[in-house]
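Notes to accompany the following structure.
Only the coordinates and a few stated rules stand behind these numbers; no lab work does. This one's a predicted model, so the numbers in the text were calculated from it and none came from an experiment. Cβ atoms come from the backbone with ideal geometry, glycine included; neighbour counts cover every protein chain shown.
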Amino acid sequence: SPNGELVVGTYSCFGGDERGFIYWPATDQFLTMPMPPGITSLWAFDVNDAGKVSGTMDGVGIGQRGYIYDLNSGQYVTQIPSPVSGGQSAITGINAVGWAWGYRTIKEPANAIINAAFVLTPEGSIIDLGIMNGPRSAATDITENNIVVGWTGGGLLAIGTRAFIWQGGNTTLL
């Protein structure tokens, strides 16, 4: 987190499943995040100063879904499944005021998965940012003023992939 009090990450368990964790460096405390029923893998990507952890989880027959976990209540307060059966969803970060960001599968044609960047408001509304320069996009960060940055194209390191900035409903490709 920005004030250095919390660290999140993921470790692999014996047998290959991943588990999210929270670590408090000042007190050397380590907490493995609880697994909701049916979930077999859980990744933690970010944490804000309010103790909200973002990430993605996966389970057989459940699919991959983005989540927000509230460390204070010990509850998963948000789960965002993909709108496509068998698709992916991840909440890759959350800022201090509760805006979160990530990507989710919006269409699954025969040869390619189409993922679109999204922003999740503190009230729980999803703002789909689209694919812009397709076939994929992902939001990678957001400022405290809700300016989103990310990428769009064939993949993060693919030729032709471009960065974007989204602010107040307007997208600029770089």
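Data overview
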| read-out | value |
| --- | --- |
| Length added when fully stretched, I113-N146, from 0.36 nm per residue minus Cα-Cα | 9.1 nm |
| Amide proton proximity set for G93, modelled H, under 5 Å, gap of 5+ | W101 |
| Total charge dipole magnitude, the chain, about the Cα centre, Cβ charges on Lys, Arg, Asp, Glu only, Debye to nearest 20 | 500 debye |
| R0 of 22 Å, Cβ-Cβ distance A50-T27: FRET efficiency to nearest 0.05 | 0.75 |
| Burial ranking of peptide ranges 167-174, 121-128 (average Cβ count within 10 Å, highest at the top) | 121-128, 167-174 |
| Derived scalar couplings ³J(HN,Hα) [the range 64-69; Karplus, 6.51 cos²θ - 1.76 cosθ + 1.60; whole Hz; x for Gly, Pro] | 7, 9, x, 9, 10, 10 |
| The range 145-152 - phi-based ³J(HN,Hα) in whole Hz, Karplus 6.51/-1.76/1.60, Gly and Pro as x | 9, 6, 9, 9, 10, x, 9, 8 |
| Amide H partners (placed H, <5 Å) of T140, local residues excluded | V149, G150, W151 |
| The range 48-156, relative contact order [Cα under 8 Å, separation at least 6], % | 18 percent |
| Farthest toward positive dipole pole in the chain [+1 Lys/Arg, -1 Asp/Glu at C-beta], among I113, W151, Q29 | I113 |
| FRET efficiency estimate (nearest 0.05) - Cβ-Cβ, L174 to N72, R0 30 angstrom | 0.20 |
| Range of Cα positions in the chain per principal axis (Å), largest first | 45, 37, 30 |
